[in-house]
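*Asks:* Shown below is the structure under consideration.
The values are calculated or read from the model by the stated rules, or taken from the named source; none is laboratory data. Owing to the predicted nature of the structure, the values given are computational and were not obtained by experimental measurement. In this analysis, Cβ positions are derived from the backbone assuming ideal geometry, glycine residues included, and neighbour counts consider all displayed protein chains.
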Amino acid sequence: MIINRFERQVILPGFGQEGQAKLKQSSVLVIGAGGLGCPVLLYLAAAGVGRIAVVDGDVISQSNLNRQVLYGEKDLGKNKADTAIRYFQEKYSDIQWTAIPEYITVDNAQAHIFHYDLVIDGSDNFPTRYLVNDACVLLKKPLVYGSIYQHEGQVSVFNVGSHPCNYRDVFPNPPAPQEIPNCAETGVLGVLPGIIGNLMALEAIKVLSGLGKPLSNKLLLFNSLDTQFQELEIQPNPASQSAIPTSWNEFHQRDYALGVEGVQQLTWNEAMKLMGQEVAFVDVREPGEEPPLVCTGLVKVPFSTLSNELDRFEEAEEILFFCQSGARSQKAAQLLQQTYPDKKIFSIRGGINALKS
């Protein structure tokens with residue numbers, strides 16, 4: 001019998017058959033099947049959540065494999081949502097699985113989130129975090145949040161309980177592009193997102209089953225270097241409310257991509273139309289980052305050395321920067337704009353990750 005899989009849970013005081021039944025009847029939308037999403041999915045599935053969907057438009061690369069434990073070398077180049085779902089469909093037949101192989105956007109967020117009881121944000125960029133938070137506030141959906149940086153991680157539960165907090169109560173405004181950390185620049189041990197992802201799965205199970213007290217209006221901090229936890233109390237921040245859209249019409253008009261004052265952004269479709277013209281396409285990723293891009297006018301200048309090579313762009317009139325996710329390219333565009341204020345300088349929104357496989 002399938003129920004045998006959950007014997008160790010149902011005999012647990014405070015959980016029992018009632019808690020297991022609640023999980024079976026629950027549905028979860030996991031945004032991002034990367035370092036955080038992989039352990040989240042592993043333990044939600046093992047616990048018996050009845051319906052799980054995964055949203056991710058990214059593809060698997062070699063550098064993902066140290067922390068995104070659902071994938072192996074044979075999966076390189078495949079979409080993460082599709083690959084994760086195929087893995088679980090073979091493992092657990094009693095769960096309804098849905099793969100959504102695209103990025104969450106202002107155009108699809110309402111439709112995707114509406115159908116699920118709880119949302120887990122395993123994304124790795126600030127625009128997505130603010131977008132998902134605002135959509136969950138509008139829909140009054142519980143949101144489990146987690147993030148990592150080098151040796152540190154944090155977890156919280158938003159939109160749950162009386163006077164609930166949301167992501168903007170903790171972080172009212174997005175950081176400036178020059179303040180945004182990037183794994184390709186800062187690094188991460190694969191075990192850290194595993195720890196934080198497991199904590200996120202635990203919080204989701206608590207919310208769905210009614211077990212214990214979730215981290216509502218609390219922010220849990222973890223430092224892996226000294227294996228220390230710290231719990232902070234958080235409160236609703238009145239100043240953050242003005243930053244949240246008050247309607248879906250306002251939400252759909254928002255541009256959550258991190259804009260830099262004085263620097264314009266282009267989509268890949270807009271950028272492709274400029275290929276073949278007198279335009280410099282500048283790849284600011286570090287050597288070895290995948291996948292490579294081959295195009296007319298391509299220039300490779302790693303962001304780590306860009307400040308020493310600004311004179312390379314003295315003759316160029318129009319310059320388009322791109323990186324893996326769009327964060328470093330915005331910093332690069334801002335840096336060059338300060339040096340050459342009269343040039344046409346753009347950052348390609350979303351970087352290589354925004355290119356469909």
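*Asks:* Does residue 68 meet the test of being of a type outside the set (A, V, I, L, M, F, W, C) and either over 23 Å from the mean Cα position of the chain (by Cα) or not assigned by TED's automatic domain parsing to the domain that holds residue 99 (or both)? It would help to see each step written out before you state the result.
*Replies:* Values: of a type outside the set (A, V, I, L, M, F, W, C): yes; either over 23 Å from the mean Cα position of the chain (by Cα) or not assigned by TED's automatic domain parsing to the domain that holds residue 99 (or both): no.
So residue 68 fails the test.
*Asks:* Right, here's the next one. Quick check on my filter: what residues within the stretch 188-226 are touching a helix residue (DSSP H, G or I) at 6+ places or on another chain (Cβ under 8 Å) and small (Gly, Ala, Ser)?
*Replies:* Within the stretch 188-226, 194, 197, 201, 204, 209, 210, 212, 224 qualify.
*Asks:* Continuing with this model, one more query. Inside the stretch 204-303, counting only helices (runs of 4 or more DSSP H) that do not spill past its ends, which hold 2 or more residues that are more than 20 Å from residue 130 (Cβ to Cβ) and not basic (Lys, Arg)? Break it down into steps so the answer makes sense when it comes.
*Replies:* Working: elements: 238-241, 248-253, 268-272.
The helices (runs of 4 or more DSSP H) meeting that bar are 268-272.
*Asks:* Another question, then. Return the residues of the stretch 111-130 that are at pLDDT 95 or above and farther than 25 Å from residue 209 by Cβ; say none if nothing qualifies.
*Replies:* Once the filter is applied, which keeps residues that are at pLDDT 95 or above and farther than 25 Å from residue 209 by Cβ, the stretch 111-130 yields only 111.
*Asks:* Quick one: in the stretch 223-247, of everything that is at pLDDT 90 or above and aliphatic (A, V, I, L, M), which residue is farthest from residue 173 (Cα to Cα)?
*Replies:* Result: 225.
*Asks:* Still on this structure, please answer the following. With the stretch 1-87 as the region, which helices (runs of 4 or more DSSP H) entirely inside it contain at least 3 residues that are in contact (Cβ under 8 Å) with a residue 60 or more places away in the chain and within 24 Å of residue 113 (Cβ to Cβ)? Spell out how you get there, then give the answer.
*Replies:* Numbers: elements: 7-10, 16-24, 37-47.
It comes to 37-47.
*Asks:* A further question follows. Condition first: of a type in the set (S, T, N, Q) and closer than 15 Å to residue 94 by Cβ. Now tell me which residues in the stretch 3-45 satisfy that. Walk me through it before giving the result.
*Replies:* Of all residues in the stretch 3-45, those of a type in the set (S, T, N, Q) come to 4, 9, 17, 20, 25-27.
Within the stretch 3-45, 4, 9, 20, 25, 26, 27 meet the criteria.
*Asks:* While we're here: Answer yes if at least one residue in the stretch 28-42 is touching a Lys or Arg at 6+ places or on another chain (Cβ under 9 Å), assigned by TED's automatic domain parsing to the domain that holds residue 81 and over 14 Å from residue 200 (Cα atoms), and no otherwise.
*Replies:* no
*Asks:* List pairs: first residue in the stretch 278-307 and loosely packed, with under 14 Cβ neighbours inside 10 Å, second residue modelled with pLDDT of 90 or more anywhere in the structure, Cβ distance under 6 angstrom, at least six positions apart or on different chains.
*Replies:* Correct list of pairs: 300/283.
*Asks:* Do you know which residues across the stretch 37-84 are of a type in the set (Gly, Ala, Ser), touching a strand residue (DSSP E or B) at 6+ places or on another chain (Cβ under 9 Å) and surrounded by 18 or more Cβ atoms within 10 Å (Cβ to Cβ)? Talk me through it step by step, then tell me what you get.
*Replies:* At the first step, the residues of the stretch 37-84 found to be of a type in the set (Gly, Ala, Ser) are 37, 45-48, 50, 53, 57, 61, 63, 72, 77, 81, 84.
Within this subset, residues satisfying the condition of being touching a strand residue (DSSP E or B) at 6+ places or on another chain (Cβ under 9 Å) are 37, 45, 50, 53, 57, 77, 81, 84.
Residues satisfying the conditions are 37, 45, 53, 57, 81, 84.
*Asks:* Does the stretch 233-256 include one or more residues that are more than 29 Å from residue 351 (Cα to Cα) and among the basic types (Lys, Arg)?
*Replies:* Scanning the stretch 233-256 turns up no residue that is more than 29 Å from residue 351 (Cα to Cα) and among the basic types (Lys, Arg).
This table checks each residue for (1) buried (at least 17 other Cβ atoms within 10 Å of the Cβ); (2) at pLDDT 95 or above; (3) among the small types (Gly, Ala, Ser).
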| position | (1), (2), (3) |
| --- | --- |
| 167 | yes, yes, no |
| 175 | no, no, no |
| 183 | yes, no, no |
| 189 | no, no, no |
| 215 | yes, yes, no |
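*Asks:* For the stretch 67-83, which residues satisfy the criterion of being within 17 Å of residue 120 (Cβ to Cβ) and touching an Asp or Glu at 6+ places or on another chain (Cβ under 8 Å)?
*Replies:* 80, 81, listed by residue number.
*Asks:* Shifting gears a bit: Against the condition of a type in the set (S, T, N, Q) and surrounded by 16 or more Cβ atoms within 10 Å (Cβ to Cβ), how does residue 25 come out, does it pass? If you could, list the steps in order and put the result at the bottom.
*Replies:* Values: of a type in the set (S, T, N, Q): yes; surrounded by 16 or more Cβ atoms within 10 Å (Cβ to Cβ): no.
In short, no.
*Asks:* Regarding the stretch 223-241, can at least one residue be identified that is in contact with a strand residue (DSSP E or B) (Cβ under 7 Å, 6 or more places away or on another chain), charged (D, E, K, R) and surrounded by 14 or more Cβ atoms within 10 Å (Cβ to Cβ)?
*Replies:* no
*Asks:* Continuing with the same structure: Report the residue count in the stretch 324-345 for those that are in contact with a Phe, Trp or Tyr (Cβ under 7 Å, 6 or more places away or on another chain) and hydrophobic (A, V, I, L, M, F, W, C).
*Replies:* The number of residues fulfilling the criteria is 3.
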